[in-house]
Each structure stands twice: as C-alpha cells, then as structure tokens.
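The values are calculated or read from the model by the stated rules, or taken from the named source; none is laboratory data. Since the model is a prediction, treat every value here as computed from it, not as a measurement. Don't worry about glycine lacking a Cβ; one is built from the backbone with ideal geometry, like all the others, and counts go over all protein chains shown. Heads up: the accessible areas ignore ligands, DNA and RNA and are worked out on the full protein's heavy atoms, side chains in. Shrake-Rupley method; radii C 1.70, N 1.55, O 1.52, S 1.80 Å.
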Amino acid sequence: MEVLTTVLETQNLMKLLRSQGKSIGFVPTMGALHHGHISLVQQAVNENDVVVSSIFVNPIQFNNPDDLEKYPRTFESDVEMLNQAGCNYIFYPTVSEMYPDKVTKSYEFGALEMVMEGAFRPGHFNGVAVVVHKLFDIVQPHKAYFGKKDYQQLAVIRMLVEMEKIPITIVAAETVREPSGLAMSSRNMRLSETDREKAAQISKTLSWVKSQKGLLSIKELEEMALSRLKPDFNPEYFQIVNAFTLQPVNSWTDAPKLVACVAAHIGGVRLIDNLEL
Ligand code: PAF
C-alpha cells in the first residue's frame, strides 16, 4: 500500500491505472477509521482492481470549530487497518494541498439541504459537496462507496453526481453496528464508557419506532421517540421522512419508502443514526 500526498501524483497515477484498463474503487473518509469504513473498503476490494481511500479531515464541512478541533485523528492505526483490508493507495493531502485558494464554490441542493442535518449544520453539505467533487476529480474512480449512516449525505452526493454529470457509480452500504446496536462512528471514540452504553438507546428507539409503524400517527411516534431519548440525550431532531427526498411526511402512505432519522448529543458528542422503516 502506498500513501500519496499530492494532487498531481495521485491524478497521474490514477490516469495511468485507468489507461491500463484497471477499475478503480474509492472510499473517501476523514480517518479515525472503524469497521464501518473497513467494510466499505472490503466491498470495494471485491468489486474493483484497485482501491483508493482518502483520509482528509475537511475543515469546510464543520460548522462548529470545536467539533473540528476535537475530531479524532488516528493516522497510524488507519494506515494499518486499510492495509489489512486490502486497500492499495491512501490519498492523504494537507489542507493547503486541497485548498490552495479560497473556496468560493457553492452548490444548490434545494429542499434537500433545508432539513435535518442541513438545517442544524448550516454550510455542512456545501463543504461535503466541495470536497467530494474535488476528490472525485482527483481520483476519477469508477465506483465510490458511502455508508447509509450518513443518509442525507448520501442523498446529497447522489444529487451532486446527477447535477454535475459525474460518471461515477455511487454504492451505498448498510450501517455497521456495535453488538449493542450503536451505529459505528468516528465520534464514538469520544464517548465515555457510560455514555457509550447509554448511546445504544438511539438505535433501540429507532427499532421501536419501526415496530410501531402504522400503529400510531407519524407525529405521535416522533414525539414519543424524542421523549424516550430525552432523559440521557439532548436530541436535535427525530424525524420520519421520505427516504428519497428526505422531506417530512404527515402520514404513512405519503411516500413509497420512509426512513426515521435522529441527531442527539450525549456528553458533548453529537451522534446521528437512521433506520429505513
Ligand atoms: O462521511 C465522511 O466521512 C465525510 O463527510 C466525507 C464524505 C469523507 C467528506 O469529507
């Protein structure tokens, strides 16, 4: 496995690999890797000739400077995990390599960025879109892999690819969970032992909501889910939405597929999770 740090060497190498007829799978990350990331890399290894993963803590997608500062950085163990998973190249640029000039690009995702993560983290999805578009331009993969844990991010990236006519297949993978049900996340590293145990309540609440589908109204269920979380968490939202548009729904028949999405803080850590209903 090789670590690449410059845009130019990465672009040239990828161009060469493509000209040799190799298929390229790409797993973008911000490092602090866990088994969720590794399962994406393993899937990419199974489906492509060459696998590239990027490790870049993208400053422009953090609306909260404290969150950026506290974001875990574990480069050495990340390299070890990627190597074992069969990754071939790591793209590991500095901030000035990725952003030599002031970022002015702005994308329009309409209603998709007005709700949930978009509403609570202003500018977040534009930052994600800017970096993902840049990474796609540099790596030019055939397929790129994203986890469903960031459900709204996945929808934004699908929209980006469609809007910008980027010829890359987006592959969505199921959320990987700890035995307690807690969705794997780099942020879990910042949870105390007690909060980690309590955090399992998020996925339990999602499963409970799924078991109540159609028995109560959407509004009632959302309110009950929030009150289940309130003793231990400071929840930002619990919403049942259209799984394609991510827009709120009023009744169970408002959309062909629904997903329940939640964001909640515990012990100063912001966690998100979701479950397709
Ligand atoms: O999901 C993430 O880790 C990040 O948002 C991504 C897609 C790597 C962009 O920085």
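Solvent-accessible area of segment 167-276 (1.4 angstrom probe, protein heavy atoms only): carbon and sulfur portion equals 52 percent. Close amide-amide hydrogen proximity is noted between Met30 and Phe56, each under 5 Å apart and 5 or more residues distant or on a separate chain (H modeled in the peptide plane; Pro and chain starts excluded). Protein heavy-atom surface of segment 17-137, 1.4 angstrom probe: 49% of the accessible area is carbon and sulfur, with nucleic acids and ligands not counted. Annotation: average projected area of segment 157-255 is 8.3 square nanometres, based on the convex hull of Cα atoms across all directions.
Remark: for residue pairs Lys149/Lys219; Lys198/Lys219; Lys134/Lys257; Lys15/Lys143; Lys70/Lys204; Lys105/Lys257, the C-alpha separation exceeds 21 Å in Lys149/Lys219; Lys198/Lys219; Lys134/Lys257; Lys70/Lys204; Lys105/Lys257. Bridges between two residues of the chain, per DSSP, are antiparallel at a rate of about 50%. Think of each Lys and Arg Cβ as +1 and each Asp and Glu Cβ as -1; about the Cα centre, that makes the dipole of segment 113-192 roughly 180 debye. The slack between Asn12 and Lys219, meaning 0.36 nm per residue of separation minus the straight C-alpha distance, is 69.2 nm.
Checking every one of the trypsin sites (Lys or Arg not before Pro) in segment 22-123 against DSSP loop status and a limit of 13 other Cβ atoms within 10 Å picks out Arg73, Lys102, Lys105. Go through segment 154-208 and name the GluC sites (Glu not before Pro) that are in a DSSP coil and have 16 or fewer other Cβ atoms within 10 Å of their Cβ. Passing sites in segment 154-208 are Glu164, Glu174. Cross-link partners of Lys102 among aspartates and glutamates, defined as those whose alpha carbon lies under 20 angstrom from its own and excluding same-chain residues fewer than eight positions apart: Asp137. When you restrict to C-alpha pairs under 8 Å that are six or more residues apart and normalise by the size of segment 19-133, the relative contact order lands at 30 percent. Projected onto their three principal axes, the Cα atoms of the chain cover extents of 57, 40, 38 Å, largest first. Computed with a 1.4 Å probe over protein heavy atoms only, the accessible surface of the chain comes to 46 Å² per residue. Remark: spin-label model distance Asn46-Asn234 equals 4.1 nm, labels positioned 7 Å along the Cα→Cβ axis.
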